[in-house]
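Reading through the structure tokens given below for one structure.
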Amino acid sequence: MVADIESDRVRRWGLTAVLTSAVVTGLTIGMTIPLIALTMTAAGTGAAVVGLNAAMAALGVLVVAPLAPWLIARLGLVETLVLGALASAISLVLFPVFDSVVVWFGLRFGAGLGLALLWVVSETWLGVLATDQSRGRVVGLYSTLWCAGMAGGPLLLQLTTLCGWPPFVVSAALVLLATVPPILGRAAARRRFGDGETHRWSWPLLRKARGMILAGFVAGFVETALFTLLPLYGVAVGLGQAQAVLMLSVFAVGSLALQLPLGWLADRLGLVWVLMGAALTGVAVALALPSAVLAGWPLWPLLFVWGGVVSGFYTLGLTQLGQRFAAVGLAQANVVFIMAYTVGTIGGPPMVGAALDLWAFYGLPLVVVGVYGAFLLSMVPACWRLRRGVG
């Protein structure tokens, strides 16, 4: 009995550490994305080059993420997280030292490497600590706190100067601060995570994650495309600039507000059914979007719900990943999930942007419908097995 109480106390402390770290890491990312863009623009760099520089962070994720399970096995969970934080902090501090676009590309790549390690470690640890009874709510809370940090980053940036050393030093300090809760909660990592044998690559094991990996790709594709292009869509269909920006704000509020309710529903109704419901809702809103723009007021509640289910795809996919893999194979599966999400973030904006150029009113909604439709078709076998009580 005493051992159970101690184990539960350690688990709660570990969850607190991961969730606290998520807020700080999200705050850092939300601050550094506009900071680096503004710094490069002030130095006379064109928008296309700024965009390519932003892509270096995604490239850093794709390069280092496959190595994360090996690093976790060799160094330990918390030690790998600290290594990632140091890489990001050093890259950020060096950014204002140099006045070279080429060097800035290298530093952005280094920051992406470090943040990828933070990302993999946090979500792997979260998956191990959460129980099946509350996994959806825990992951929903994690996503909510991450989004809250991302939203607060630009606000924090306004409290510092937008040039020179101060904002980069603050960003680097935040990255390092994100390691403090996990360091204090390292006992939870050691007691709950197990040894390095759980991190060896096992391709048969990963084949079980195909549906969740597709969910990660869909989440990255649609979420990044809509966060990038919704204001442009609003302008293209005749809304004023202020209303077009408000579209993104309402969408973002929905993504922040609905993650915990979606997690609660997943715990109560089952992950697969809620995931299917989110996809169907995404299709319905996309189909209704042109009519809602013409009608006026229905646009805003639709955008709120859309933001929630679009971001909820990542929350629900991550929840199912933790449920399916527990501790064994979780690090590898989480890496592939994150890589699928990252590939989606790279492919989504240009494809949806091209559709928007070709057909302003319907191009964006139709691409979103096609992506969600493909996901729904892929989930038919899983739903059939559930109805028959198999798997």
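No lab work stands behind these numbers, since they all come straight from the coordinates. Since the structure is predicted, the reported quantities are computational estimates derived from the model, not experimental observations. Counting neighbours? That spans all protein chains shown, and the Cβs are built from the backbone with ideal geometry, glycine included.
If you count, for each residue, the other Cβ atoms within 10 Å and average over each peptide, how do 153-160, 108-115 line up from highest to lowest?
Result, highest mean Cβ count within 10 Å first: 108-115, 153-160.
Quote the FRET efficiency, to the nearest 0.05, computed for Val235 versus Arg268 with a Förster distance R0 of 41 Å and r equal to the Cβ-Cβ distance.
Approximately 0.55, to the nearest 0.05.
About the Cα centre of the range 204-387, how large is the charge dipole given +1 on each Lys and Arg Cβ and -1 on each Asp and Glu Cβ? Please answer in debye to the nearest 20.
Value, rounded to 20: 660 debye.
Size of the dipole of the chain about the Cα centre, Lys and Arg at +1 and Asp and Glu at -1 on the beta carbon, nothing else charged, in debye to 20?
980 debye
Tell me, how many Å apart are the Cα centres for the range 105-161 and for the range 257-291?
About 22 Å separates the Cα centre of the range 105-161 from the one of the range 257-291.
Among 309-319, 18-28, 257-267, what's the highest-first ranking by average C-beta atoms within 10 angstrom per residue?
Descending packing order for the listed peptides: 309-319, 18-28, 257-267.
Which of the helices in the chain meet the span-like rule: DSSP H, Cα axial reach of 20 Å or more, Kyte-Doolittle mean at least 0.0?
2-42, 47-64, 77-94, 101-129, 135-158, 210-236, 241-257, 271-295, 299-325, 330-358, 363-387
According to the square roots a ≥ b ≥ c of the eigenvalues of the Cα gyration tensor, what is the shape class of the range 2-188, taking rounded for a/c under 1.5, prolate for a/b larger than b/c otherwise, and oblate for the remainder?
Judged from the Cα gyration tensor, the range 2-188 comes out prolate (a/c at least 1.5, a/b above b/c).
Could you check the spin-label model distance between Thr45 and Arg210? Points 7 Å from the Cα along Cα→Cβ, value in nm.
4.1 nm
From the C-alpha gyration tensor of the range 227-294, pull out the three semi-axes of the equivalent ellipsoid (sqrt of 5λ each), sorted largest to smallest, in whole Å.
28, 14, 8
Would you compute, for the Cα atoms of the range 204-387, the largest minus smallest coordinate along each principal axis and list the three values in descending order, in whole Å?
52, 31, 27
Give the whole-number value, in cubic angstrom per residue, of the convex hull volume spanned by the C-alpha atoms of the chain.
That works out to 140 Å³ per residue.
Could you tell me whether the range 37-120 comes out rounded, prolate or oblate from its Cα gyration tensor? Rule is a ≥ b ≥ c as square roots of the eigenvalues, rounded for a/c under 1.5, then prolate if a/b exceeds b/c, otherwise oblate.
Judged from the Cα gyration tensor, the range 37-120 comes out prolate (a/c at least 1.5, a/b above b/c).
Treat each spin label as a single point 7 Å out from the Cα along the C-beta direction, and report the Gln133 to Phe105 distance in nm.
Placing both labels 7 Å along Cα→Cβ, they lie 5.4 nm apart.
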